Amino acid sequence: VRLSRRGLLGGAVALPALGLPAARAAAQDPGRRAVLVVLPLVRKDYVADSGTDTPNIEELRGKSLRFDRVIPECMPALPLRRTLVTGMRSFPFRDWKRTEGMPAVPGYNPVWDWQPVMMETMRQGGVETVYVTDNPIVEGARFGEVVRPGGREERAGGESVQDEIAAIRRQTKAAVRTYRAGIRRLRDFSGFVGIDPFDPVDAVEAPSIYVKPEEVDREGIGEMNGRLVEVDFDDVDELRSAYRDHVETVDEWFGRLMDEVPDDALLFVLGDIGIALGEHDYIGRGTPTSHRESYEVPFMIRDPDRRKVDEDVDWYASTHDVAPTLLSYLGLTIPGKMWGEDLTALLDDVDEDDLYDRPFSITASGSLIVVRDKRWLMVADREEIERRLYDDDEEVEDDITRFQDVANEDPGQLTDMSLAALAVAGGTLPEFGPDGALRPPRERGDDDSDDDGIPNDFDAVDNDEPDDNDDREAVGYDGRDPEDRPPAAAEDRKAARP
Amino acid sequence: MGSRRGFTRRRLLQAGGATAAAVGLGACGDDYFEPSTDHSDDAPNTLLIVGESTRADYIRYYNPDSLAQTPNFDALAGDSLTFSLAVPEAMPTGPARRALLTGVRSFPFRNYVPTKGLPVGPGWTPIPDHHPIITEVLGEAGVETAYCTDNPFLVGPRFSNFRRTLDWARPSYSQGAYRFLNKPFKRPATRSTIERYLLPDLSDSVEVGRLRAMAGWNSIYRDSERQFPTARVVRSGINLLDDLKDQRPFFLGVDPFDPHEPLDAPRVYQIAAGSPKGIELEGITPIQPFETPYSWVIDVDVDDDTIQRVRELYAAELTFVDEWIGRLMNKLADENLLDETVIYYMGDHGLTLGEHGILGKHAARCQWHIYHVPCMIRHPEGKLAGERSDYFASTHDVARTLLSFMGVRAPGQMNGEDLSVLFDGREPPERRWFTSCYDDHLLAGDSDWFMLADSEGRLKRLYDRRSDPQEVRDVAADNPEMVDALWKVLEDEAGGTLPQFGASGGKAVIGG
């Protein structure tokens, strides 16, 4: 059957029906289920660490497709959550506007109404959703059913390392109560459940960055939006011990949670953010450290059909890949504004080399950016005036070289990494004022050379150099005068608009 | 920066010395090529037709009073889902092509740097290395890809990374007036040859050189209708189908540069569109009635009859394109491909033909003549044939939609929407407003309102499209809330801040 030549030239034609591929039509398989679990404040290296006992996370690692080199695409915990639920990169916080009740640090704002929301897309596609979290920005009709485990905020202050230890303990509590609430929701669900422990203090206070006093001058790191605290590192052992306890408690409760996760659901587990524990003279979350392990988090997918079990992927997956992957698994169309990649490609036997190129891992914390690849780690401030580069060769065991800033020795590498960050940011990195991202002032141009109030771009008539033809009436339309258009334009009025 | 995976199929390079040596670079068959991703088992073919400088209101289907005869586009529209208000996400030709081919928004030109070999102005950059290209993504999924065009930018050096993703590239260099953009034409016609095209007020403008190149080229390479640029492009498309029909599924792009100025259709079409009038009675056919990119009507001193004739010449050229697109459709029918091919037709921008005192394209007058373009998708099964959608379809939706039709996963960077869901009875994510930009001007609106502003917002003009469809009465002063709301829409769409362009030079981005 085909369109006849006559028919096509003539107009209306009855079209033949023939089967179209089933791939797209297979959307919304009603039986599919997915579970998202966030491991709060868990570093990747502490999961496999000999000194930390994490049997449950270890067991899941053995059953999952693992992404070994994941750094969240932005930090700290609150902006990262925005990325998680929107699938949009929050890097480089160009959309930051100072928000009442939140710290005046780039990245701290709610999910804007122009951003997509993973749960909203799911519900529009007929998938039920439950999200268990104490995160105040996950609030409102767009987020569907939200369960509050009931955490309360207690401002911390962040004046000493003891406060960081208290913050870690709050994270532990958030994990316990959120997983407990999650266990109840997992017993009978359809569609999607997200279990995302969040300490509400992280929404009202940006975590402090603790640094040895002499480092401030040496590193030239500036005020860091008032987050910088100079301390002596006497309490590091206590801090590390508290952190170990945290990771083990999270693992214990994660194990109980895992008992309830059904085998027929896709399970996506990731850490939210790492923590520097005094390794390279920094303590805290989202610090400008040169210590890569302080950034890296666990990230794994367990497929109910057991595809790609116990495999490692080097590709730089990150937080913004979560939403597209979950939507794709549930058979839904990914909104265009979501930037992340659909990682179900790997389950469908696409080789990691054939995923779309992501040669660098790029992240932002406040006004800092961090760029890394297999060999190098760059920490730069927003204007890229202060840039530090570390030789972070993953093949090398010795940690010594990673302390040394080699920016001046390899400016080419520095440029490559800066350009990569610029490319992901769309061409420019924003600068920040006290109330939000700034647009630089306009360069003075020759706006209105004849001073008639109409900028040159809009002005057909140059009053300074009148021409014989310069008749304002004849212009027909000068952007200001609605009436008295010449006959030439009358033709337009007649032309019917569709 | 990222390695370019698309030039050559990476599998080819990995195949090892012996195999690679045995395969000639000119080989077209893909027997040796193992796709790295996949398309759906029974994927349709896809045909993308790009309508350069095509105004929706000159297509009869959109406007029954059009000066142009467009029976083939009308028939295609009747078989298709048409979009009543499609607006390219960024304009003109260069940025619109980039969005079409990459599926990544060019708006708001934040990555603009003045680029050698392209016009100077925000938006004119090549496809960056880190952007996906639809033909690269399709190629990696094992789809045969082909593209034929005479668009001087696409055939020029700055878009070579796109051409290298193709299995079948059919560039045509026949746009005489624009040959300087790729390879300078060395035998321009004499000045006396072009007097019959040259308006007196343009007699010492840049158009002299362009017309001389055009006339020179055509005196050598053009002896019949078949040698006109559009005919060359579509003929190569028709010839490609002979090969592609055995390589299904395939993607074919047909992208003629006409009806871009000069408005130089074959003489019979010019006669059919209307009788000589205005300046043509004095022996000058106004095929290039403005100094690129635009002239104020008062500056070129043309009368109403001449403007009418310019419109007829534009209509004639569009009719000529329509005629050849019809032949392409017939070829599809002859090869029994219509019922297994998705046809996507989209304009990249329009052209102002005397409205608002302008001939050509002026960013500060980038009103409906320029932003309202035709857009239609013909489903192989005839789904939604003859239906209209109010969705503000745009150029960056094309790549994602075509990939989806073929069952190929779209890279996350492609930030258009998948419009193929419309054929499954679903709605794409809400797009409350259309947003676009042209040079350093910004556009936003919907079916009721339209705002046009310079990127500084020094002069934000608002039009009430319901009571003033011609967009001549600026009502910004009466509706400050609407102006603010649309300005915020633009800022949000740009990710929070709008880029700041330098005031002089190439208007390079200085931040924001």
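The values are calculated or read from the model by the stated rules, or taken from the named source; none is laboratory data. All values derive from a computational prediction rather than experimental measurement. Note: ideal-geometry Cβ built from the backbone for every residue, glycine included; neighbour counts use all protein chains shown. Note: accessible area is taken over every heavy atom of the protein model, side chains too, but ligands, DNA and RNA are not part of it. Shrake-Rupley method; radii C 1.70, N 1.55, O 1.52, S 1.80 Å.
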Taking the range B:456-478 and keeping residues more than 9 Å from chain A (Cβ to nearest Cβ) and either part of a helix (DSSP H, G or I) or touching a residue at least 24 places away in the same chain (Cβ under 8 Å) (or both) leaves B:G457, B:K460, B:L462, B:Y463, B:E471, B:A476, B:A477, B:D478
Which residues, taken from the range A:120-136, are open to solvent by 10 Å² or more (accessible area, probe 1.4 Å) and either out of contact with any Phe, Trp or Tyr (no Cβ under 9 Å at 6 or more places or on another chain) or over 21 Å from A:F198 (Cα atoms) (or both)?
A:T121, A:R123, A:Q124, A:G125, A:G126, A:V127, A:E128
Could you name every one of the strands (runs of 3 or more DSSP E) located completely within the range A:316-397 that has at least 1 residues being within 21 Å of A:P79 (Cα to Cα) and among the polar types (S, T, N, Q)?
A:361-365
Which of the residues spanning the range A:60-100 are in contact with a Ser or Thr (Cβ under 7 Å, 6 or more places away or on another chain), among the polar types (S, T, N, Q) and closer than 19 Å to A:R227 by Cβ?
A:S90
Of (1) under 26 Å from the mean Cα position of the chain (by Cα); (2) at pLDDT 90 or above, A:R387 satisfies every one except (2)
Taking the condition in contact (Cβ under 8 Å) with a residue 24 or more places away in the chain and surrounded by 24 or more Cβ atoms within 10 Å (Cβ to Cβ), does B:P289 pass?
yes
Per the filter on the range B:285-312, residues among the aliphatic types (A, V, I, L, M) and either within 18 Å of B:S53 (Cβ to Cβ) or modelled with pLDDT of 95 or more (or both) are B:I287, B:I307, B:V310
Looking at the range B:96-117, can you tell me whether even one residue there is open to solvent by less than 20 Å² (accessible area, probe 1.4 Å) and closer than 26 Å to B:V310 by Cβ?
yes
Among the residues of the range B:54-79 satisfying the criterion of being of a type in the set (G, A, S) and within 10 Å of chain A (Cβ to nearest Cβ), which is nearest to B:H349 (Cα to Cα)?
B:A56
Search the range A:421-437 for residues being outside any loop (DSSP other than H, G, I, E, B) and out of contact with any strand residue (DSSP E or B) (no Cβ under 8 Å at 6 or more places or on another chain), and hand back the single one that is nearest to the other protein chains (Cβ to nearest Cβ).
A:A423
Counting only residues that are under 17 Å from A:R69 (Cβ atoms) and within 14 Å of chain B (Cβ to nearest Cβ), which one in the range A:385-420 is surrounded by the fewest Cβ atoms within 10 Å (Cβ to Cβ)?
A:A420
Sort out for me the helices (runs of 4 or more DSSP H) sitting completely within the range B:125-204 that have 1 or more residues that are within 17 Å of the chain's Cα centre (by Cα) and closer than 30 Å to A:P359 by Cβ.
B:134-140, B:160-163
Go through the residues of the range B:84-93 one by one and say whether even a single one is crowded, with 24+ Cβ neighbours inside 10 Å, within 12 Å of chain A (Cβ to nearest Cβ) and touching a Leu at 6+ places or on another chain (Cβ under 8 Å).
no
Anything in the range A:403-448 that is touching a residue at least 40 places away in the same chain (Cβ under 8 Å) and touching a His at 6+ places or on another chain (Cβ under 7 Å)? List them, or say none.
A:F403
Over the range B:401-411, the set of residues open to solvent by less than 20 Å² (accessible area, probe 1.4 Å) and under 23 Å from A:G126 (Cα atoms) is B:T401, B:S404, B:F405
Just a yes or no: is a residue in the range A:438-452 at pLDDT 55 or above, in a strand (DSSP E or B) and farther than 27 Å from B:D474 by Cα?
yes
Which ones in the range B:269-295 are on the phi > 0 side of the Ramachandran plot and charged (D, E, K, R)?
none
Considering residues that are open to solvent by 10 Å² or more (accessible area, probe 1.4 Å), more than 9 Å from every other protein chain (Cβ to nearest Cβ) and over 15 Å from B:T46 (Cα atoms), the number found within the range B:322-365 is 3
Within the range A:362-375, is there a residue that is out of contact with any Pro (no Cβ under 9 Å at 6 or more places or on another chain) and either over 21 Å from A:A421 (Cα atoms) or within 11 Å of chain B (Cβ to nearest Cβ) (or both)?
no
When you scan the range A:271-284, do you find a residue that is within 14 Å of another protein chain (Cβ to nearest Cβ), out of contact with any Leu (no Cβ under 7 Å at 6 or more places or on another chain), at pLDDT 95 or above and buried (at least 23 other Cβ atoms within 10 Å of the Cβ), even just one?
no
Here are some residues: B:G412, B:G407, B:G416. Which one is facing another protein chain (nearest Cβ under 8 Å) and within 20 Å of B:H349 (Cα to Cα)?
B:G416
When the range A:100-113 is examined, which residues are found to be at the interface with chain B (Cβ under 10 Å from one of its Cβ atoms) and surrounded by fewer than 18 Cβ atoms within 10 Å (Cβ to Cβ)?
A:W112, A:D113
How many of the residues in the range A:203-217 are at pLDDT 85 or above and either part of a loop (DSSP other than H, G, I, E, B) or farther than 21 Å from A:V236 by Cα (or both)?
7
For the range B:479-497: of the residues being in contact with a strand residue (DSSP E or B) (Cβ under 7 Å, 6 or more places away or on another chain) and at the interface with chain A (Cβ under 9 Å from one of its Cβ atoms), which is most open to solvent (accessible area, probe 1.4 Å)?
B:E493
From the list B:R432, B:R426, B:R388, exactly one residue is within 12 Å of another protein chain (Cβ to nearest Cβ), open to solvent by 20 Å² or more (accessible area, probe 1.4 Å) and either of a type in the set (F, W, Y) or within 19 Å of B:D492 (Cβ to Cβ) (or both). Which is it?
B:R432
Residue match in the range B:437-453 (condition: surrounded by fewer than 19 Cβ atoms within 10 Å (Cβ to Cβ), within 27 Å of B:F109 (Cα to Cα) and hydroxyl-bearing (S, T, Y)):
yes
Counting only residues that are over 19 Å from the mean Cα position of the chain (by Cα) and at the interface with chain A (Cβ under 10 Å from one of its Cβ atoms), the range B:99-117 contains a total of 4
Residue among A:F198, A:F189, A:F268, A:F233 that is in contact with a Pro (Cβ under 8 Å, 6 or more places away or on another chain) and not in a helix (DSSP H, G or I):
A:F198
